[in-house]
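Input: a single structure, listed below in structure tokens.
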Amino acid sequence: MNIGELSRLTGLPVKTIRYYSDVGLVPEAERSHAGYRRYDHGSIVRLEFVRTLRELGLDLATIRRVLERGADLGEVAAAHAAALGTQIRVLRLRRAALRAVAERDATPADLERLARIARASADERQRIVDEFFDSIFSGIADSPESREFTAGLRSVSADLPDEPTDEQVDAWIELAEMLRAPDLRERLREMGRRSFAPDARRIVPTDPAGLQWFIGLVADAQDRGTPSPEATVDEVMARWAAASGRTDDVALRREVADAIELSIEPRAERYWQLMAVINGWPPVPATMHRWAWFLDALRATLPA
């Protein structure tokens, strides 16, 4: 067949086929007496193969090495797949940064910052988290309890996988932006000061068993719409009073109410929810609304 027929069969322009022939990728089968290029079925197969490799992004020199058996196709494909994986990851990070900008009234400086956050390395991500905790715990009373608590927080890192999902990249950008908020830092600093002051008395449970019991009890009362939340308050306060060696009186209830009011910070809970997404952990359920419900019920039992 002539080059025009080959063009019609493959859908490739004559100019492209002629170029591939000139550089030796798809040589003609023979020349006519008049010097015109002639191609056969093998030319169609070879041309389709070249087109496929070009669509996958391989350069002409690499394609020539494959066709001349100078390079193993499997090795070339694996190397190119790895390169494409890197490009896809970069594009995913860029898209996440642009999506974050599109969702807010952002400036060019915001775009630059978000793009930098999106492509942060593992070390850079850890520095952002470490700086956040440094700002919170500076000036907090040093004690075995405070050291254990801060060490536990710092041990959790934002470990994005090599090929993060869109949800994981979005979660990292949201987390990094949230950690910049001055009001969140100040609120958590105050929580730390109250929790680890030399004369601090921890009334609200922080152990997993105590928290699980509390959330379960409150969730049951809240979800069933109990007509008497005071009974739930009495049950909770009786347990907390016994655990702290106190009497369930107005003074204790006011202390508990003040402690809970300070600790109701949805962004603190959001921190762990985002970390769960980033690290591929099971979802962290929301509990702030449980604490808010109990605080309202507790306040209702206090004298005006």
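The values are calculated or read from the model by the stated rules, or taken from the named source; none is laboratory data. These numbers come from a predicted model, not from an experiment. For neighbour counting, all protein chains shown are included, and Cβ atoms are generated from backbone atoms with ideal geometry for every residue, glycine included. Only protein heavy atoms, including side chains, enter the accessible area calculation; ligands, DNA and RNA are left aside. Shrake-Rupley method; radii C 1.70, N 1.55, O 1.52, S 1.80 Å.
In the set LEU114, LEU91, LEU56, which member is open to solvent by 60 Å² or more (accessible area, probe 1.4 Å), under 27 Å from ILE278 (Cα atoms) and within 32 Å of the chain's Cα centre (by Cα)?
LEU91
Can you pull out every residue in the range 224-233 that is part of a loop (DSSP other than H, G, I, E, B) and surrounded by 10 or more Cβ atoms within 10 Å (Cβ to Cβ)?
THR226, SER228 - these are the residues of the range 224-233 that are part of a loop (DSSP other than H, G, I, E, B) and surrounded by 10 or more Cβ atoms within 10 Å (Cβ to Cβ).
Scanning the range 251-262 for residues that are among the charged types (D, E, K, R) and either within 38 Å of the chain's Cα centre (by Cα) or under 20 Å from LEU153 (Cα atoms) (or both), which turns out least open to solvent (accessible area, probe 1.4 Å)?
By that ranking, first place goes to GLU255.
Looking at the range 26-39, which of its residues are at pLDDT below 90 and either among the acidic types (Asp, Glu) or at negative phi (or both)?
Across the range 26-39, the qualifying residues are VAL26, PRO27, GLU28, ALA29, GLU30, ARG31, SER32, HIS33, ALA34, TYR36, ARG37.
Name every residue in the range 160-170 that is surrounded by fewer than 13 Cβ atoms within 10 Å (Cβ to Cβ) and assigned to a helix (DSSP H, G or I), in order of residue number. Reasoning before the result, please.
Restricting attention to the range 160-170, the residues satisfying the condition of being surrounded by fewer than 13 Cβ atoms within 10 Å (Cβ to Cβ) are 161-163, 166-167.
Hits for the range 160-170 are ASP166, GLU167.
Got a sec? Which of SER155, SER135 is among the small types (Gly, Ala, Ser) and closer than 18 Å to ALA276 by Cβ?
On the way: SER135 fails: closer than 18 Å to ALA276 by Cβ.
On inspection, the qualifying residue turns out to be SER155.
To keep it simple, each residue is scored yes or no on (1) in contact with a helix residue (DSSP H, G or I) (Cβ under 6 Å, 6 or more places away or on another chain); (2) open to solvent by 80 Å² or more (accessible area, probe 1.4 Å); (3) assigned to a loop (DSSP other than H, G, I, E, B).
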site	(1), (2), (3)
ASP142	no, yes, yes
SER146	yes, no, no
THR150	yes, no, no
TRP172	yes, no, no
GLU177	no, no, no
ASP199	no, yes, yes
THR206	no, yes, yes
GLY216	no, no, no
GLN222	yes, no, no
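Restricting attention to the range 263-276, report how many residues are open to solvent by 40 Å² or more (accessible area, probe 1.4 Å), of a type in the set (A, V, I, L, M, F, W, C) and in contact (Cβ under 8 Å) with a residue 40 or more places away in the chain.
Of the residues in the range 263-276, 0 are open to solvent by 40 Å² or more (accessible area, probe 1.4 Å), of a type in the set (A, V, I, L, M, F, W, C) and in contact (Cβ under 8 Å) with a residue 40 or more places away in the chain.
So, of the residues in the range 239-267 that are of a type in the set (A, V, I, L, M) and in contact with a Lys or Arg (Cβ under 8 Å, 6 or more places away or on another chain), which turns out to be nearest to LEU160 (Cα to Cα)?
Top of the filtered list is LEU262.
Can you give me the number of residues within the range 239-250 that are modelled with pLDDT of 95 or more and either surrounded by 13 or more Cβ atoms within 10 Å (Cβ to Cβ) or hydrophobic (A, V, I, L, M, F, W, C) (or both)?
Residues in the range 239-250 being modelled with pLDDT of 95 or more and either surrounded by 13 or more Cβ atoms within 10 Å (Cβ to Cβ) or hydrophobic (A, V, I, L, M, F, W, C) (or both): 2 in total.
Could you list, in sequence order, all residues of the range 257-304 that are within 26 Å of PRO229 (Cα to Cα), polar (S, T, N, Q) and in a helix (DSSP H, G or I)?
If the condition is that a residue be within 26 Å of PRO229 (Cα to Cα), polar (S, T, N, Q) and in a helix (DSSP H, G or I), then SER263 is the only one that fits.
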